[in-house]
1. Which distance in nm do the two modelled labels at THR287 and SER222 give, with both placed 7 Å along the Cα-to-Cβ direction?
2. Going through the cross-link list LYS109/LYS282; LYS88/LYS194; LYS209/LYS282; LYS96/LYS282; LYS109/LYS211, which pairs have a Cα-Cα distance over 31 Å in this structure?
3. With a cut-off of 11 Å, note down the residues of segment 152-169 whose backbone N falls inside the zone around a label point 7 Å from the Cα of ALA266 toward its beta carbon.
4. Residue by residue through segment 173-187, which ³J(HN,Hα) values in whole Hz follow from phi under the Karplus form 6.51 cos²θ - 1.76 cosθ + 1.60 (θ = phi - 60°), with glycine and proline marked x?
5. If amide H atoms are built 1.01 Å from N in the plane of the peptide, which residues on other chains or at least 5 residues away come under 5 Å of the amide H of CYS126?
6. Can you tell me how much longer the chain between TRP159 and ARG85 gets when fully stretched, taken as 0.36 nm per residue apart minus their C-alpha distance, in nm with one decimal?
7. ILE166 to ARG203: extension gain in nm, 0.36 nm per residue of separation minus the Cα-Cα distance?
8. Measuring from a point 7 Å past the Cα of ASP65 along Cα-to-C-beta, which residues in segment 82-111 have an amide N at less than 15 Å?
Amino acid sequence: MNSTGGENLVVSQQPSSWKSQGSQKFNCSFQNSVEYPQKGHVNTSANPSSSEDDLEISEGTILGDHHMVESFLGEGGFGVVTRCRNTKNNQIVAIKVNKSDPEILQQAKQEIFILEQLQRLDPDRCNIVEWNGYFLDGERICLNFELLDQSLWDYIGGWNNQGLPIRELRPILHQIANALFHLGSVGIVHADLKPANIMVVNRHESPIKVKLIDFGLACNTSAVITGDRVGTVGYCAPEVMLGYAWHPYDEAIDMWALGLVAVELATGVPLYPGEDDYDVLKFIIETQDRKCSVPPGFCGNSAC
């Protein structure tokens, strides 16, 4: 176990076991419902499910032994992501602070399980965020990552949501595909690919370099529970939205999402609008050829 603080954390060797322990709660990653906190203070107690785990962190808070919070990068149901300074060596990092809720702790352990497998890959060559290990802050698990510039979603917004020129788009897609290739080489499905989970390393460098982040829903292909609802509305493959068990999930669900990311990069807007899976499926049926070949019963009725 790669711990930066010497703690002994037992990680389940059943990679997908957390999915059967509240998968409805974790069917989307935090990026889809992220709320940016007011400067200087975060209180997630507004979430009723966290009433016994009020996560209050302010600028200047010391996490673990030597990580001082300088600012907040994001907030969600899992907890918060903070920009921290290591008081021992002045290194600036991003710390994902998970609440001590049992289900969230289980998801954090699952993410560590995946991140440990990814350590055999070169993060720069494979376009994957560099993980520096974990430490404990009380009963909370804190994940230590390299600090990156901004999400691809924000980067697209910087182009006024008009889409990127081909000279920008092509190398970005190549790097995302490279990251997915290397995930596949170690048997891992990301399961939540979208612009918010792809980070620009430095927006001022050219060509733009990106890295894949957020492995909270990732799992080994050999351990995927078919029929589980994972991912984010608008980026999920049809078999995930429908929840049919006719075929186990594999890298194909990431490739579906990659195609949607490609369209969004080119146009500046998501391809599939809608607030839920029903809206997205309705849009797909109305706009795409319904005569394509699909397994019998896949659509749940004889008209398919």
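All of the numbers you see were taken from the coordinates with simple rules; none came from a lab. None of these values were measured; they are calculated from a predicted model. In this analysis, Cβ positions are derived from the backbone assuming ideal geometry, glycine residues included, and neighbour counts consider all displayed protein chains.
1. With each label point 7 Å from Cα toward Cβ, the separation is 4.0 nm.
2. On the way: LYS109/LYS282 36 Å; LYS88/LYS194 35 Å; LYS209/LYS282 35 Å; LYS96/LYS282 36 Å; LYS109/LYS211 22 Å.
Listed pairs above 31 Å: LYS109/LYS282; LYS88/LYS194; LYS209/LYS282; LYS96/LYS282.
3. Under cut-off, by backbone N: 166.
4. Here the 3J(HN,Hα) series is 5, 4, 5, 5, 4, 5, 4, 5, 4, 6, 4, x, 5, 10, x Hz.
5. Amide H to amide H, under 5 Å and 5 or more residues apart or across chains, CYS126 pairs with nothing.
6. 23.5 nm
7. Working: separation 37, 0.36 × 37 = 13.32 nm, distance 1.64 nm.
Gain on stretching ILE166 to ARG203: 11.7 nm.
8. Only 86-90 fall inside the zone, counting backbone N under 15 Å.
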